[in-house]
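Enquirer: Please find one structure pasted underneath; my questions will follow.
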Amino acid sequence: MSLTNTTLRVASLSLLATAWACGPMASGNAGTTTSSSGGGSGANGFIAADLDGTNKRATELAGGRAAQQGHLQITAATATLNPEVTYILTLPNSVGTHTCGAPQSVTSLTINRPQGSTPVYFDSEGPNGACTITVTQAAANVGDTIIGTFSGVASQESAGEIQVTNGTFEIKRTQ
């Protein structure tokens, strides 16, 4: 993992930790429903995918923020407190198909799947990791929505890997 991607993940995780500590009002999603499969969309959108064949839809703490090199970082969790899954995607804010690990790119897919109270991060940059993210609508301005699909393998050295299929996202740019 490059220093650039490490910096982005630390910033994202700090943002999520702050939002979790402050509760649902901090996320801008107060009153939204949480669903691990199917269901509605939170106020700022959703990220959903089949993880090893089981659909996990995340609507809590959803949002997108500007990152470096013209990228956005989008996140969503399955619950405000103690989420079963948290998605973190860093992707170009441009229409097209983008591959994780491409030269000079910070495009990545990270899934936090806690084991007990310990966060375990599976990453497209881990051993055997890979991903493809297709953006069908970019979000040029705060308030715009980025829409697309993704798939790949997110892996972690000691915990194995997660097959990610049928991924979709529709996230409002909040920063």
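The values are calculated or read from the model by the stated rules, or taken from the named source; none is laboratory data. Note that the coordinates shown come from a computational prediction; the quantities given were computed from them, not determined experimentally. Neighbour counts are summed over all protein chains in view; Cβ atoms, including those assigned to glycine, are modelled from backbone coordinates with ideal geometry. Ligands, DNA and RNA are stripped out before the accessible areas are found, and what is left, the full protein with its side chains, is counted by its heavy atoms. Shrake-Rupley method; radii C 1.70, N 1.55, O 1.52, S 1.80 Å.
Enquirer: Select from region 84-118 the residues that are free of Cβ contacts under 8 Å to residues at least 24 places away in the same chain and closer than 25 Å to GLU170 by Cβ and list them in ascending order.
Expert: Of everything in region 84-118, just one residue is free of Cβ contacts under 8 Å to residues at least 24 places away in the same chain and closer than 25 Å to GLU170 by Cβ, namely ALA102.
Enquirer: Among the residues of region 40-62, count how many are in contact with a strand residue (DSSP E or B) (Cβ under 6 Å, 6 or more places away or on another chain), part of a loop (DSSP other than H, G, I, E, B) and over 17 Å from GLN137 (Cα atoms).
Expert: Residues in region 40-62 being in contact with a strand residue (DSSP E or B) (Cβ under 6 Å, 6 or more places away or on another chain), part of a loop (DSSP other than H, G, I, E, B) and over 17 Å from GLN137 (Cα atoms): 2 in total.
Enquirer: Return yes when ALA26 is modelled with pLDDT under 85, open to solvent by less than 50 Å² (accessible area, probe 1.4 Å) and not in a strand (DSSP E or B) and no when it is not. If you could, list the steps in order and put the result at the bottom.
Expert: Values: modelled with pLDDT under 85: yes; open to solvent by less than 50 Å² (accessible area, probe 1.4 Å): no; not in a strand (DSSP E or B): yes.
Criteria not met by ALA26.
Enquirer: When you scan region 63-175 for strands (runs of 3 or more DSSP E) that lie fully inside it, which ones turn up with 2 or more residues that are buried (at least 23 other Cβ atoms within 10 Å of the Cβ) and among the polar types (S, T, N, Q)?
Expert: Working: elements: 71-77, 86-92, 96-99, 108-112, 121-123, 130-137, 145-156, 160-172.
It comes to 71-77, 86-92, 108-112.
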